[in-house]
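One structure is given below, encoded as structure tokens.
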Amino acid sequence: MKKLRIQDLTPRHIVFNIVSWARRRRGLVLAIVACTLLASIEGVRRLSFDPDVLSLLPHDGRVIPAFRNYLARVGSLDQLYVVFTAPEGYSIDDYRDDIEAWIERLRSSPEIDRVDSGTADRTRDFEWLADRRLLLLRGAALDEGLRRLQPDGVARAVAASRTLLTVPSADVAEMIRYDPLGLLALVRESLGGTQRGLNIGITEGGYLSADNTSRLIIARPRKPPFDTDFSRALDTRLRQIASEVAGHADGDSEDERRPAMTVEFAGGHRVAVETEALVKRESIFNTVGSLALILPLLYLAYRSLWLVGVGAVPSGLSLLLVFGVLGFAGVRLSSAATGASAMLFGLGVDGVVLLYVAYLLHTGPASPLDVARGCREQSRRAPGPPYAPTNGDADDTASGLTGPSISMLLGMWTTAATFYGLTFVDFPSLQQLGRLIGHSMLICGLLTLVLVPALLPRRASAKRPPTLTMPRLAAWIVRRRHALTVAAVVVTIVLGAVSTRLRVNPTLDRLRSTTSAAQLETKLAGTFGLPTDVYVVLAEGNNLDSLLETNERLTARLTTDLPSLGVQAPTTLLPPAASQQRTAERVQQSAPSRTALLAALERARGESGFRPGSFDLFAGTLPAVLDSSLRLTYDGYRSHGLGDLIDRFVVRTADRWTIVTYAFPEDERQAQRLQEIVDSVDPAQTLTGLPLVNRELADRFLPQFLKGLGIGSLMVVVLVVLAFRSWRLSLFALLPTVFGLIWTAGILAAAGVELDLFAMFAVVTFLGIGVDYGIHLVHRFRERGDAERATSELAPVILVAGAITLLGYGTLINSSYPPLRSMGLVSAVSVLALAAASLLVLPALLAMGRRP
């Protein structure tokens, strides 16, 4: 057995032995890769995608975790919006029967928990709430309600109800029989008579648009929207209902048939289905599009079908392997991380090109000068693979590929290091992107190391490709090295100054999905007057009544200090026990007896011209209305089918309560005052909402960006210094990246491009990509001892590698998902700047320095 020597443990010997082994054991290498591929395909089939926009939010902070907690517990994104729109020339009232058929089928669907049609329905026991209607009144509204119970107030209220009958309506007539004193109307006004107030399901006609051509139905599915299997089942159910209702309409008689109304769906579940389909479609498109552009480029550059066939193999296999492992592990991939995986083809093909060019240079005809230089290089190296004329055997090929393989591994692993830098930032989706591409680049380097030697032809082609070196370009750069260096410094200073005007928009709005369902949901806010910039006050504790008392103080302060502020508070539906006791005592003291009230009601009926018995239904409810012992309770709401009302404000988890107050500031000044009042009433409460989330994202962006940039840069610097063991060569390898990133920022600022979070963090990843070019060139310069020759040999490699990366990222520019589109734009500019700095500035710097 051959004795192991210390020299055999050096990186050069290890790489040489791996390459030589892969060259000799081709069949074994391919068999292992094939088995791994089959296993990975099974894992890929188990992958699931997470289109949840919450995955983009940081975990730390105050406002953002509170917002995440609100969405997780209260679930405002769990609504399903069904929008019915009548065709031109028709009113939505013409389609009342079809809409009622929809409502009936939605309520009977196993995927739907409850349906809010905006009108009174028999699925909710409003009698329980009506019996306690006076407990929902406070302040001036309560005073007015008590006045209406007095004899003269009864007469005025019944006369006012009579005027409502001037417009014929069966619903209005039924409402008057049930509530001739208009107490429920008082309750509705007290809760907030507009869409910003609370709808308790007793409005006429439901949620209608201003022009009466559209109607909105709000349903609550049984499972969250980002359970994609459930969302797909719900989507299937909606299509089935649409088909059934349309078939029912087609069965009407010919003279009653009308053009079909339009039915559209929005909400988190529909967005989930569309986003999943979009991610899958764009992942395939970006991957296939990248390959469709990259592979022809490889053939045009090198006239090699082998390179076209093998160029993307290590990248594709590494991506499949990582996806397979994630699939077996049950990891849910975010939309952005999955869609951005196409960039790996632009990053991984570089290594194959580098080794292929090294193979051609090694097996091609060598000049006497090359042989002499090879001998001198071998004499300076540590003991290792002997220098010998090319003879086509495994060791000979390995000796020619060892140096480029080390450069290839260093380049891929520095790129992986920059992506791993993203795992330290507090943005979950970016962490996943960093792990996905980082792991893939590590594996891609190892696969390239063994697959390329195994797949290279046993004998070199007799026809040498014509595009292997660029001696004229190299000579031009060396001759003008001083001018190029000065120009680079001037350009860097100018663009560095311009880059200070670069605009960054780190808000969540820039990261939203742009599917048709998401766009429709945005449109609903304007059509139906739904609030958009909602602020949410969260309070948590173990004692519900204590939380409600604090909330009542908060509501009172807001009403006093900000009377124009729209507020929806839990105490509007569920006052604290002490408040209900005070109201009950006032009713007991002020309201007349049931006998006196019935007598006053009968006189008012006769005076207003109502038929005898018109108010018998209301008379039957009077004992409960005047009963001072009745109370509003959380369990009472839920047990009487009114959970959809109270669940927006009060949530119980085990023995812990969460209460939610909604506020609608009109401007920044009002929002600031709202924050001050919330803090003064109880600092334990948290004010959150999308506007505040966007503000906290903006505040946290710079520290997180600098953190990711610093960690990624540190890992790259450590790897480069350990590889070159020379601060001068390490600085040369890193300097073009600094130039290129400054140029990128200046160009984007000059073009007026506004960047989002993903675009800025994409810059972090280009630390490794830019350093790759510098590493390869400095490594070849150290081996050749000649900047001109190193540039001549690697200029085409850098140009092709830059074009490959550009095409790999460039497909993202056409993405319909905004984060990927901005990432593609920044990537394209970055690649061009980094390639220019590496190809023009670095050789000039190397030519001015001493030879290694």
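The values are calculated or read from the model by the stated rules, or taken from the named source; none is laboratory data. It should be emphasised that the depicted structure is a prediction, and the values quoted were computed from it without experimental measurement. With ideal geometry, Cβ positions are generated from the backbone for all residues, glycine too; neighbour counts draw on all protein chains shown. Side chains are part of the model used for accessible areas, which takes the heavy atoms of the whole protein and leaves out ligands, DNA and RNA. Shrake-Rupley method; radii C 1.70, N 1.55, O 1.52, S 1.80 Å.
In segment 134-165, what residues are surrounded by fewer than 18 Cβ atoms within 10 Å (Cβ to Cβ), of a type in the set (Lys, Arg) and modelled with pLDDT of 85 or more?
Once the filter is applied, which keeps residues that are surrounded by fewer than 18 Cβ atoms within 10 Å (Cβ to Cβ), of a type in the set (Lys, Arg) and modelled with pLDDT of 85 or more, segment 134-165 yields ARG147, ARG156.
Only one of GLU602, GLU585, GLU540 is exposed (fewer than 14 other Cβ atoms within 10 Å of the Cβ), among the charged types (D, E, K, R) and not in a loop (DSSP other than H, G, I, E, B); which?
The conditions single out GLU585.
Would you check which residues across segment 438-483 are modelled with pLDDT under 90, within 26 Å of VAL841 (Cβ to Cβ), surrounded by 14 or more Cβ atoms within 10 Å (Cβ to Cβ) and not hydrophobic (A, V, I, L, M, F, W, C) and list them?
Hit for segment 438-483 is THR469, nothing else.
Determine if segment 120-133 includes at least one residue that is hydrophobic (A, V, I, L, M, F, W, C), at pLDDT below 80 and either in a loop (DSSP other than H, G, I, E, B) or open to solvent by 10 Å² or more (accessible area, probe 1.4 Å) (or both).
yes
Pairs only if they're at least six apart or on different chains, beta carbon under 8 angstrom, first in segment 574-598 and basic (Lys, Arg), second open to solvent by 50 Å² or more (accessible area, probe 1.4 Å); list them, first residue then second.
Listed by first residue and then by second, the contacts come to ARG594/PRO623.
Only one of (1) in contact with a Phe, Trp or Tyr (Cβ under 7 Å, 6 or more places away or on another chain); (2) part of a helix (DSSP H, G or I); (3) open to solvent by less than 40 Å² (accessible area, probe 1.4 Å) is not met by MET715, so which one is it?
(3) is the only condition that MET715 fails.
Going through segment 79-109 one residue at a time, which ones are touching a residue at least 60 places away in the same chain (Cβ under 8 Å), more than 20 Å from HIS269 (Cβ to Cβ) and among the small types (Gly, Ala, Ser)?
ALA86, SER91, ALA101
Within segment 676-691, take every residue that is of a type in the set (Val, Ile, Thr) and open to solvent by less than 10 Å² (accessible area, probe 1.4 Å) and give me the one that is modelled with the lowest pLDDT.
Checked segment 676-691; the qualifying residue modelled with the lowest pLDDT is THR688.
It is to be established whether one or more residues within segment 275-294 are assigned to a helix (DSSP H, G or I), touching a Leu at 6+ places or on another chain (Cβ under 7 Å), of a type in the set (A, V, I, L, M, F, W, C) and at pLDDT 75 or above.
Looking through segment 275-294, at least one residue is assigned to a helix (DSSP H, G or I), touching a Leu at 6+ places or on another chain (Cβ under 7 Å), of a type in the set (A, V, I, L, M, F, W, C) and at pLDDT 75 or above.
Here are some conditions: (1) in a helix (DSSP H, G or I); (2) buried (at least 16 other Cβ atoms within 10 Å of the Cβ); (3) modelled with pLDDT under 80. GLY197 meets all but one. Which one does it not meet?
Status for GLY197: all satisfied but (1).
Quick one: which of ASP699, ASP679, ASP644, ASP635 is closer than 23 Å to LEU573 by Cβ, without any contact (Cβ under 8 Å) to a residue 24 or more places away in the chain and either touching a strand residue (DSSP E or B) at 6+ places or on another chain (Cβ under 9 Å) or in a helix (DSSP H, G or I) (or both)?
Residue meeting the stated conditions: ASP635.
Quick check on my filter: what residues within segment 629-669 are surrounded by 17 or more Cβ atoms within 10 Å (Cβ to Cβ) and among the polar types (S, T, N, Q)?
Matches in segment 629-669: THR658, THR661.
Just need a number here: residues in segment 605-624 that are farther than 23 Å from GLN588 by Cβ, among the small types (Gly, Ala, Ser) and touching a residue at least 12 places away in the same chain (Cβ under 8 Å).
Qualifying residue count, segment 605-624: 3.
What's the number of the only condition in (1) at pLDDT 80 or above; (2) open to solvent by less than 10 Å² (accessible area, probe 1.4 Å) that PHE427 fails to meet?
So PHE427 meets the others, but not (1).
From the set of residues in segment 169-194 that are assigned to a helix (DSSP H, G or I) and of a type in the set (Gly, Ala, Ser), which is modelled with the highest pLDDT?
That would be ALA185.
Those residues that are of a type in the set (Lys, Arg) and buried (at least 18 other Cβ atoms within 10 Å of the Cβ), I need them from segment 69-113; list them, please.
Of everything in segment 69-113, just one residue is of a type in the set (Lys, Arg) and buried (at least 18 other Cβ atoms within 10 Å of the Cβ), namely ARG105.
List pairs: first residue in segment 24-49 and under 22 Å from SER334 (Cβ atoms), second residue hydroxyl-bearing (Ser, Thr, Tyr) anywhere in the structure, Cβ distance under 7 angstrom, at least six positions apart or on different chains.
SER48/THR228; PHE49/THR228; PHE49/SER335; PHE49/THR338
Taking the condition of being aromatic (Phe, Trp, Tyr) and modelled with pLDDT of 85 or more, how many residues in segment 735-772 meet it?
Of the residues in that region, 2 qualify.
For (1) buried (at least 22 other Cβ atoms within 10 Å of the Cβ); (2) without any contact (Cβ under 8 Å) to a residue 60 or more places away in the chain; (3) not in a helix (DSSP H, G or I), each residue gets a yes or a no:
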{"position": "ILE711", "(1), (2), (3)": "no, no, no"}
{"position": "LEU719", "(1), (2), (3)": "no, no, no"}
{"position": "THR737", "(1), (2), (3)": "yes, no, no"}
{"position": "ALA749", "(1), (2), (3)": "no, no, no"}
{"position": "MET760", "(1), (2), (3)": "yes, no, no"}
{"position": "VAL778", "(1), (2), (3)": "yes, no, no"}
{"position": "PHE781", "(1), (2), (3)": "yes, no, no"}
{"position": "PRO796", "(1), (2), (3)": "no, no, no"}
{"position": "ILE813", "(1), (2), (3)": "no, yes, no"}
